[in-house]
Structure formats: C-alpha cells, structure tokens
Amino acid sequence: MAPAPAPPRALSAELRRAALGAVALPAPRPGARVRAARPREENFHTHRLLMSSNMNSRSLVCPPCNCAQMALADTRVAYQPDVDKHAGVLAYELVQGDLVQWNSFMDKSIPDPPTAVLLHGILGSRKNWGSFAKRLAHEFPMWQFLLVDLRCHGDSASIKKHGPHTVASTALDVLKLVVQLRLTPRVLVGHSFGGKVALSMVEQAAKPLARPVRVWVLDATPGKVRAGGDGEDHPAELIEFLRRMPAQVSSKVEVVNALVKEQFSVDVARWVATNLRRSSPLGQQSSSNFSWTFDLNGISEMYKSYEDTNLWSIVENVPRGVHINFLKAERSLHRWALEDLKRIHSAEELAADEGGGVEMHVLEDAGHWVHADNPDGLFRILSSTFRIETTIRGMQD
C-alpha cells in the first residue's frame, strides 16, 4: 500500500523556494503558441530531437506523452523525453500571445513571460476557457495563459491522485504544476470551485507568490455555499444523479433526456453531455458508446469540500502584494447572501497593503456561467488587470 500523502497545507521547502518567485522579464520577442496536454519532469536525461518541414505550425504535440514543445520560425523542433521520465501532475494547455517565445525546455536562467492561470469549476474542464484564453492572448500578446484540467476532471481524470479530494489538495496540484513548468503566475482566475482553488493557492503559498499577484474569484464566495432556490440547478444533486447513471451510455441525447426528466435545465444537461467521450477503440467509429471524462466519485468529494471550505481568513487578512477581486454574476444561480457582500466590502476598507487589496465587481446580464453568458462583459472587466500588470512590468524593465 502506498504511503499516505502529506497534508495539502504542508507545502514542501522545494515548492516554497521555487513556486511563483518574482522575476524580471527580457524584452519580448516574436514567438509561438504552445499547447500541452500532459506535463513532464524538468530533469529528464534521454530525449530525441524531432525535425519537421511544417513551416507554419504554431501548435505542437509531442507523441506519446503530449508534453510542451518549442516552435521556431523556420522549422518545428520537439524534444521527446524518455517515457520513464514522464511524471504527470495535471493535464494542461498553454496559450501564448504572439510576442511570447518561451517554454519549459529553455535554459532555466531565461525568465518566463507574464502568466495567468485559468481554473474551471466543478464538472468543467480546461476547454471551458479555450476561446476566452485565445481572445486574451490576441489582445495581450506579451502574456501566456495556463489552462488546467483539475484533478478528477477532463484529461486529468486518468492521472491517479490520492485522496482526500479537496479544495486544498486541488490547489496544491496546481502549485506543483506551475513549479514543474517554471512559471510565475501574476494572475489567477477561477470560476466557482476554481475560485476557491485560487484563494487556497494564495493561502498555501502566500510567501513565495510573485508580487503583485491578482486573484479573480468568479461567482463564488470565500465561505458557505448556499443552494439555489426552487427551479434552479443544484450541483450536489446533479453529481449524485450522474453517479447513478451507467458508466457507459449509447448517446449524448440519452443523457440530456434523462437529466431534463429529472428537472435539470436543458442548458445544464447539454453542458454536462460535453463531458462524454466515445469509449470505442480507435478505428471502431461505428460504435456509439460514450463514457464520462471525469471521476464522479472524486468530484463528489471535491464538491463537498467546496461547500465546507472557509477561506474568509485570507480575504480579511490579505497578504501584502495580493489583490483579490470578486465578481458576482447579476443572475447568479448561487446565492450571494447580504452577509457575504458586507464582509467583502468591509475587507475592501481594511486591505490597505501596498499593491494589495480586495474589490467587488458585478457582471451584468450573466448567470453563473459568466464566460459563456456575457463573455464581452467579462473580457472588459478582466482586461483592466492585464493592462495594469503589463504597465507595471514595463516600468520595472
């Protein structure tokens, strides 16, 4: 039996030294968009150099481990590590602006460009942020955006994780990933469950976090999760219903119909069905069987932790150099109590640290799925963060 994992709060000395340290950036150079599905160890010893004549490729995947690669102007270069050296933490994708030329294979003395981490909610995946991240990268070409499949979700569901499956352990996964990739996040954006994960990252690694760091918590409170009212979707009930469904289904329509019959909304039913993947072996496309891309037992545990985790202490005692932004959707399915709003506004007044603070925002004409309901409004609100950070970096350089 494998030894029990260390408690999530016990961030190792190595992580605390390496994670998210502040660095100065060189002038940006023309670069490429790099995508990765699985991370890798930095200290591999055996690799092969693969050359391709595809002159215009900006999106490279390294078989068989799909790790990050480097794209050059006139040729494609991919380092394929020894499979035995490949150690997965989380599945991810790195979306880079056109002025970024960097990846984790480069010399460690070369600093990373300004990076934002985008975290999805329960029953979501990194794909939820795909289009939005590309839009941000186009508008802010000096930035790169790390999209992560959290544990038990998406492609990370196939990466074995020890329990407990909690907000804190999920945050520690992301901290380990950014250390492995040698990234220094300046912005953390988390939707719903992902918002609490972002706050937990600050709580667990407050000392080594880059300064300043800006955290965006999208339609989630730091404390109690309040169930929606009549006629609204209840995530805990949705998860439990999905757990009772067969592991394989014949079609996505079957799932949608079953959810609607149980009084879940059509929009949520269709969204959940996007987490189904063909389960037939490659080459047998005639089979119509689908299976889930997530671990529902683990997700059930994660959602319970989301309900129980209280992170008000990090909001009401903001570390120096940390700026926490809360965004409430105008038509949110998740109840924002008057008590929550009062505590956040009180925290705004108390947070007087240099370069830090707490701020509340409201996204009009949006329900809980903010990046789908009003992407233009969300883009305008978040853009201020990247403009401010870009200006600060320019002044430092």
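The values are calculated or read from the model by the stated rules, or taken from the named source; none is laboratory data. Source: prediction; values computed, not measured. Cβ placement follows ideal geometry from the backbone for every residue including glycine, while neighbour counts extend to all protein chains displayed. Only protein heavy atoms, including side chains, enter the accessible area calculation; ligands, DNA and RNA are left aside. Shrake-Rupley method; radii C 1.70, N 1.55, O 1.52, S 1.80 Å.
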So, in nm, how far is label residue 338 from label residue 267 when the simple model puts each one 7 Å beyond its Cα toward the Cβ? 2.7
Using packing as a proxy for protection, rank 93-106, 127-140 so that the peptide with the highest average count of other Cβ atoms within 10 Å comes first. 93-106, 127-140
Cβ-placed point charges (K, R +1; D, E -1), dipole of region 86-169 about Cα centre in debye, nearest 20: 320
Going through 127/196; 161/224; 224/328 one by one, the pairs whose alpha carbons sit over 21 Å apart turn out to be 161/224
So, relative contact order of region 125-198 in percent, Cα under 8 Å, 6 or more apart, is 23
Given a 1.4 Å probe and every protein chain left where it sits, what share in percent of the accessible area of region 290-361 is carbon and sulfur? 45
Order the peptides 245-258, 318-331, 366-379, 170-183 from the highest to the lowest mean number of other Cβ atoms within 10 Å of their residues. 170-183, 318-331, 366-379, 245-258
Tell me which residues come under 5 Å, amide H to amide H, from residue 182 once H is placed; ignore anything under 5 positions away on its chain. none
Quick check for you: with a 1.4 Å probe and neighbouring chains kept, what is the accessible area per residue of region 93-250, in Å²? 31
With a 1.4 Å probe and every protein chain kept in, tell me what percent of the accessible surface of region 124-164 is carbon plus sulfur. 50
Vicinal HN-Hα couplings computed from phi for region 245-256 (Karplus, 6.51 cos²θ - 1.76 cosθ + 1.60; Hz; Gly/Pro x): 6, x, 5, 10, 10, 7, 7, 5, 4, 4, 5, 4
One finds, for residue 316 and residue 361 with R0 = 22 angstrom and r their Cβ-Cβ distance, a FRET efficiency to the nearest 0.05 of 0.75
